[in-house]
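Engineer: Got a structure here, written out as structure tokens. Questions coming.
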Amino acid sequence: MTGTSIAQAIPIAITPILTRIYTPEDFGIFALYMSVSLIISVVATGSYEHAIMLPKKDEDAINIVVLSIIISFFISFITFLVVWIFNSEIALFLGNIEISSWLYLIPLTVLLTGIYQSFNYWSNRKKEYQRLAINRVIQSGTIATSNLGMGFSGLGSSGLILGNIFGQAISTTALGKAVWKDGSNRFHNIKLLKIFALSRKYVDFLKFSTFSSILNSLSFNFFSILLSKVFSISILGFYSLVYRILTLPSSLIGNSISQVYFEEATRQKKLYGNNKNIFLETLKKLFIISALVYLPMYFYIKDVVIFVFGSDWKISGEIAQILLPLMFIRFVSSIMSSTLTTYEKQKAGLLINFILFFVLLVLFFLAYIWDLEVYIFFHLYTFTMSILYIFFLFYYYSLARG
């Protein structure tokens, strides 16, 4: 948590500078690029990285790491072919011709994400939390430095995109070196037949978790694409700043708690057949943390945004206040959702993410045909999604009880 806190403090500290050297449109183009990249990145490993935690033997786990990386290269190559052939059509679909040239970098972002996730889950399996924390600081610091340098050079949205890729490359390389150092004595166990056998053993992650992850990513990242198309690239820019602020608690402590909860929940399930105790203990702490963070923000977020980021970003503060109740419950629910993986409930995860994506499409469809004002849309979105996440929490608890 300490390392993650430092890693998140860096971009937050420089954001007031970024909002004065980059425009809402620049943030919007960057958000559009990242949305497309993240949608594709969820299939980069075929979801096999989730299986790295499950085998009893490290020899099996390291073969799954290699399997995940092989799939990442394959998906990245396919992505490049699609971008190369349909570049203009994709740019037109996204509604922003400026992003056309940047689409060619998406395969690189997808590849780096897939490799990083594979190394990340291996390090989590080995409980190398310090390594992961240091790596997050390296990534965050590199991205921040690049964003500032390129921003002052007047590169516009390209400064945000290139800075992110550079940070990814540095952090993935550093994490890969660390994994190689502590796992070199196991690499002689990597065999093609074993990789194939394990791919079949955990094929449900490919068959169900991949589609579930796609739908989950679509429900989050397709939101940005639709927001740009239904409203404007500027509204997307305002929202992207809001998202960076409101997901800070999740990024700051959520990932750390989620990793530790997943490891402990898996252990308790193996020992007792359920993980009810750790579920309730974690849930209680998450509600307390969420209340301490989000309730004060509700009353002061608009004034804080204007003071810190400038009066040009007033709309961001207004959107943030509307979204806060949803961020409260989603923070809790998203962390507890790893209970699905613990019980290998890939089909249930697929259904949950299908529901989220379907509801998202319905909400944007209503906004389009009714010509909803942007603030009314965000109120409708917050209310509907909050109800869904509360319902999912009850389901996760029913699994935890065994």
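Quick note: the coordinates plus some simple rules give every number you see, no bench work behind them. Since the model is a prediction, treat every value here as computed from it, not as a measurement. For neighbour counting, all protein chains shown are included, and Cβ atoms are generated from backbone atoms with ideal geometry for every residue, glycine included.
Engineer: Cut-off 10 angstrom, C-alpha nodes, Gaussian network model of the chain. Which of Tyr243, Tyr48, Tyr375 fluctuates the most?
Structural biologist: Residue with maximal mean-square fluctuation among Tyr243, Tyr48, Tyr375: Tyr375.
Engineer: Let me ask you something else. Could you list Thr15, Thr4 in order of exposure, starting from the residue whose Cβ has the fewest other Cβ atoms within 10 Å?
Structural biologist: Fewest-to-most Cβ neighbours within 10 Å comes out as Thr15, Thr4.
Engineer: Between Ala9 and Val362, what's the calculated FRET efficiency when r is the beta-carbon distance and R0 is 51 Å? Round to 0.05.
Structural biologist: 0.85
Engineer: Next up: Where nothing but the Cβ of Lys and Arg (+1) and of Asp and Glu (-1) is charged, how large is the charge dipole of segment 1-67 around its Cα centre, in debye to the nearest 20?
Structural biologist: 140 debye
Engineer: Using the charge dipole of segment 1-201 (Lys, Arg: +1 at Cβ; Asp, Glu: -1 at Cβ; taken about the Cα centre), state which of Phe73, Ser88, Tyr104 has its Cα farthest towards the positive end.
Structural biologist: Phe73
Engineer: Which order do Phe331, Phe307 fall in if you start with the one that has the fewest other Cβ atoms within 10 Å?
Structural biologist: Going from least to most buried by this count: Phe307, Phe331.
Engineer: Have a look at Ser398, Leu356, Met297 and report the one farthest towards the positive end of the charge dipole of the chain, computed about the Cα centre with Cβ charges (Lys/Arg +1, Asp/Glu -1).
Structural biologist: Ser398
Engineer: Also: Could you work out the local net charge near Asn96, counting Lys and Arg as +1, Asp and Glu as -1, over the other residues with Cβ closer than 15 Å to its Cβ?
Structural biologist: Combined, the nearby Lys, Arg, Asp and Glu give -3.
Engineer: With a sphere of radius 14 Å drawn around the Cβ of Thr382, what net charge do the other residues whose Cβ falls strictly inside it have (Lys, Arg +1; Asp, Glu -1)?
Structural biologist: Its environment carries a net charge of 0.
Engineer: While we're here: Taking the 0 to 90 degree range and rounding to the nearest ten, how far is the long axis of helix 374-400 tilted relative to the main principal axis of the chain, both from C-alpha atoms?
Structural biologist: The two axes meet at around 20 degrees.
Engineer: Here's another thing I want to ask about it. Separation between the Tyr375 and Phe287 pseudo-spin-labels, each 7 Å from Cα along Cα→Cβ, expressed in nm?
Structural biologist: Between Tyr375 and Phe287, the simple spin-label model gives 3.2 nm.
Engineer: According to a simple spin-label model (label point 7 Å from Cα along Cα-to-Cβ), what is the distance in nm between Thr145 and Thr173?
Structural biologist: Distance between the two pseudo-spin positions: 1.2 nm.
Engineer: Moving on to the next point. Please compute the contact order of the chain in relative form: average sequence separation of alpha-carbon pairs under 8 Å and at least six residues apart, divided by the residue count, as a percent.
Structural biologist: Normalised by residue count, the contact order of the chain is 23 percent.
Engineer: Please work out whether segment 233-402 counts as rounded, prolate or oblate from its C-alpha gyration tensor, where a ≥ b ≥ c are the square roots of the eigenvalues and a/c under 1.5 means rounded, while otherwise a/b larger than b/c means prolate and anything else oblate?
Structural biologist: Because a/c hits 1.5 or more and a/b fails to exceed b/c, segment 233-402 counts as oblate.
Engineer: Run the count for segment 233-402, please: Lys pairs, Cα-Cα under 24 angstrom, 8 or more apart or on different chains.
Structural biologist: Here the count comes out as 14.
Engineer: Please build a GNM for the chain, connecting alpha carbons under 10 Å apart, and tell me which residue among Pro296, Pro107, Pro16 fluctuates the most.
Structural biologist: Residue with maximal mean-square fluctuation among Pro296, Pro107, Pro16: Pro296.
Engineer: Taking the Cα-to-Cβ direction at Phe299 and at Lys201 and moving 7 Å from each Cα, how far apart do the two end points lie in nm?
Structural biologist: Distance between label points: 5.5 nm.
Engineer: Which angle between 0 and 90 degrees, to the nearest 10, do you get for helix 346-369 versus the longest principal axis of the chain when only C-alpha atoms count?
Structural biologist: Approximately 10 degrees, to the nearest ten.
Engineer: Related question: Under the classification rounded if a/c is under 1.5, otherwise prolate if a/b is larger than b/c and oblate if not, where does segment 1-201 fall, given a ≥ b ≥ c as square roots of the Cα gyration tensor eigenvalues?
Structural biologist: It comes out oblate by the Cα gyration axes.
Engineer: Here is a follow-up. Just add up the charged neighbours of Arg131: K/R +1, D/E -1, any other residue whose Cβ is under 14 Å from the Cβ of Arg131.
Structural biologist: +4
Engineer: Now, a different point. Where the only charges are on Cβ atoms (+1 Lys, Arg; -1 Asp, Glu), what is the dipole of the chain about its Cα centre, to the nearest 20 debye?
Structural biologist: It comes to approximately 1640 debye.
Engineer: Gain in length, Asp58 to Ser398, computed as 0.36 nm per residue apart minus the alpha-carbon separation, to one decimal in nm?
Structural biologist: 119.3 nm
Engineer: Hey, another quick one. Which one of Leu324, Tyr389, Ile369 is farthest out on the positive end of the charge dipole of segment 233-402, using unit charges on Cβ (Lys, Arg +1; Asp, Glu -1) and the Cα centre as origin?
Structural biologist: Looking along the dipole axis, the top candidate is Tyr389.
Engineer: A further question follows. Against the longest principal axis of the chain, how steep is helix 276-309, in degrees 0 to 90 to the nearest 10, with axes from Cα atoms?
Structural biologist: Here the helix axis deviates by roughly 20 degrees.
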